[in-house]
1. Taking the condition of being assigned to a loop (DSSP other than H, G, I, E, B) and surrounded by fewer than 20 Cβ atoms within 10 Å (Cβ to Cβ), how many residues in segment 154-168 meet it?
2. Scan segment 198-207 and give yes if some residue there is modelled with pLDDT under 80 and more than 30 Å from Thr50 (Cβ to Cβ), otherwise no.
3. Just one of (1) within 17 Å of the chain's Cα centre (by Cα); (2) among the polar types (S, T, N, Q); (3) at pLDDT 80 or above trips up Ser6, so point out which.
4. Within segment 43-63, restricting attention to residues that are of a type in the set (Lys, Arg) and modelled with pLDDT under 90, which residue is surrounded by the most Cβ atoms within 10 Å (Cβ to Cβ)?
5. Which of the residues belonging to segment 130-151 are part of a strand (DSSP E or B) and in contact with a Ser or Thr (Cβ under 8 Å, 6 or more places away or on another chain)?
6. Are any residues in segment 64-83 modelled with pLDDT under 85 and either among the β-branched types (Val, Ile, Thr) or surrounded by fewer than 17 Cβ atoms within 10 Å (Cβ to Cβ) (or both), and if so, which ones?
7. Checking Leu12 against (1) within 27 Å of Ala206 (Cα to Cα); (2) at pLDDT 65 or above; (3) not in a loop (DSSP other than H, G, I, E, B): exactly one of these is not met. Which one?
8. In this structure, is Ser180 modelled with pLDDT under 85 and among the small types (Gly, Ala, Ser)?
Amino acid sequence: MRALHSCRLALLVIVLAFAAAAPAAADLTLLTHYTLVTGDTLTRPSYYSTARVRVTGPDGLEYMFDKKGKTVTVIDHVARTYWTGPSSRADSLAKTIMAANREGVPHPDSADAAEWGAKIKAFNDSLKVVNTGKTRTIAGYPCDEWMLTAGRFLSNQRWVARGLTVPNFGPEMQKTVMASVRDPLGRQLMRMLIDMRTKSGMVLAAKTTFWVPSRDGNFEFETLQVKSGTIPATAWLIPEGYTAVQL
């Protein structure tokens, strides 16, 4: 069960990690400080190349996506385990999860359908995405502040460096990302976050506060250093002593 949850979350975070569609000028290594949803903090590098990415998620798990090899890897440092599988598996998982998640949506002919439709409309009407006009320098790069809000449900502040871009793997994984969120309101929130990928540039810092029926919390990160150049082969290795798990 832990492995299945990790696979879903991995695909979610990978999509949100890419903020631009333009190809990168060079491989990038980012040293980043995180405050996780658990309240714990850590500092860890992330790696971005034209074919592979390795990033840290809101809960401290690490995720790798290999575009050329078409594989996804999830690393759980607390349990000292990892899962690796073909990205094609994600599509079949998405179909199964989506079917199960439909239980949370009222049938169009049910008495609750009208009430649910009104809630979704109110939620959509509360959505705002704005460039605040504020700027700051992070890790040596000038960044613009963008804010995404959805009433009391979501507040997402991000600082975008226009001078940095990475490949956009998001469209390949978006279906599974939406499937990973169980409650319908949560899926609406996630759709809005995914849409923010269209802003040109790379996110070097962000702070998110969220509330949905299934949970609430916050997480944030800020980049301390950006380094361009060849990424060492060791960056894509699983730590020694970790155990492989199966779905």
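The values are calculated or read from the model by the stated rules, or taken from the named source; none is laboratory data. For clarity, every value in this text was computed on a predicted model and none was experimentally measured. Note that each Cβ is placed from the backbone with ideal geometry, even for glycine, and that neighbours are counted across all protein chains shown.
1. 4
2. no
3. (3) is the only condition that Ser6 fails.
4. Across segment 43-63, the extreme among qualifying residues is Arg54.
5. Of everything in segment 130-151, those that are part of a strand (DSSP E or B) and in contact with a Ser or Thr (Cβ under 8 Å, 6 or more places away or on another chain) turn out to be Ile138, Pro142, Cys143, Asp144, Glu145, Trp146, Met147, Leu148, Thr149, Ala150.
6. Correct list: Lys67, Lys68, Gly69, Lys70, Thr71, Val72, Thr73, Val74.
7. If we test Leu12 against (1) within 27 Å of Ala206 (Cα to Cα); (2) at pLDDT 65 or above; (3) not in a loop (DSSP other than H, G, I, E, B), just (2) comes out false.
8. So Ser180 fits the description; yes.
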